[in-house]
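Report on the following structure.
Throughout, read-outs are computed from the coordinates displayed, never taken from laboratory work. Because the structure is a prediction, the values reported are computed rather than measured. Glycine gets a Cβ as well: all are built from the backbone with ideal geometry, and neighbour counts include every protein chain shown.
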Amino acid sequence: MTHPDPTRRATVLAAASLALPSGIALAQAKKYGPGVTDTEIKLGQTMPYSGPASAYGTIGKAETAYFKMINDAGGINGRKINLISLDDGYSPPKAVEQVRRLVEQDEVLALFQTLGTPSNSAIHKYVNAKKVPHLFLATGATKWADPKNFPWTIGWILRTTTTAKTCSRA
């Protein structure tokens with residue numbers, strides 16, 4: 001029976017002790033999923049910075065400025081919010097293209113406040129199929145409150161029909 005070389009044994013133990021914390025760190029870094037690390041929360045949105053509804057692009061600029069203010073104050077629980085805001089020109093095909101980029105390439109955690117019924121309608125099924133949270137849609141259409149069929153989508157603006165009923169009573 002031969003005994004292992006003590007130098008070799010010490011080398012293997014030292015290598016294992018160095019590798020173990022690295023392995024634990026890698027495992028911990030992956031526990032959050034797409035768009036989240038220990039230092040960042042990545043959100044995506046499309047806005048009409050150009051095209052027929054470009055006046056609404058100021059909403060995206062204001063939200064970007066708000067997240068900058070949050071980040072300048074230290075972020076959220078030590079994490080900076082990285083809002084990737086892309087121009088969709090208020091064009092549904094362009095919105096699909098930009099959202100696919102946000103989900104598949106930029107790997108955002110969620111979509112935040114995407115604007116417009118046409119653009120949101122174009123990405124609705126895709127986002128839910130990918131199980132990407134589609135949060136606080138900037139559209140007054142009635143179709144967004146359907147958690148049974150679209151559990152990843154949450155509307156934000158008061159429904160246009162509700163607003164019309166309320167205004168007609170005044």
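Kindly provide the trypsin sites (Lys or Arg not before Pro) of segment 38-106 that DSSP labels as loop, not H, G, I, E or B, and whose Cβ sees at most 11 other Cβ atoms within 10 Å.
On the way: sites: K42, K61, K68, R79, K80, K94, R100, R101; in loops: none.
Loop-located and lightly packed - none at all.
With respect to the cross-link table entries K125/K148; K42/K130; K94/K125; K68/K125; K42/K68, which display a Cα-Cα separation exceeding 19 Å? Provide the component values of the computation, followed by the final result.
Working: K125/K148 13 Å; K42/K130 16 Å; K94/K125 16 Å; K68/K125 31 Å; K42/K68 13 Å.
With Cα atoms farther than 19 Å apart: K68/K125.
Determine ³J(HN,Hα), in whole Hz, for all residues of segment 96-107 in sequence, where each value follows from phi through the Karplus function 6.51 cos²θ - 1.76 cosθ + 1.60 and θ = phi - 60°; x replaces Gly and Pro.
The phi angles translate into 4, 4, 5, 5, 4, 4, 4, 7, 8, 9, 7, 6 Hz.
Calculated FRET efficiency, D38 and K125, Cβ-Cβ r, R0 25 Å, to nearest 0.05?
In this case the efficiency is close to 0.15.
Could you pull out every residue, at least 5 positions away or on a different chain, whose amide H is within less than 5 Å of the one on I84? Hs are placed 1.01 Å off N in the peptide plane, and Pro or chain starts have none.
Amide H neighbours of I84, under 5 Å, 5+ apart: L43, G44, Q45.
Lys/Arg Cβ at +1, Asp/Glu Cβ at -1, dipole of segment 52-167 taken about the Cα centre: which of I123, L83, W144 is farthest positive-ward?
Positive-end residue among those listed: W144.
Restricting to DSSP loop positions (anything but H, G, I, E, B) with no more than 14 other Cβ atoms inside 10 Å of their own Cβ, which GluC sites (Glu not before Pro) remain in segment 87-143? List each step's numbers first, then the result.
Numbers: sites: E97, E104, E107; in loops: E107.
When the GluC sites (Glu not before Pro) of segment 87-143 are filtered for loop state and at most 14 Cβ neighbours within 10 Å, E107 remain.
Give me the one-decimal nm value for the distance between modelled label points at N71 and K31, 7 Å along each residue's Cα-to-Cβ direction.
That separation, rounded to one decimal, is 2.6 nm.
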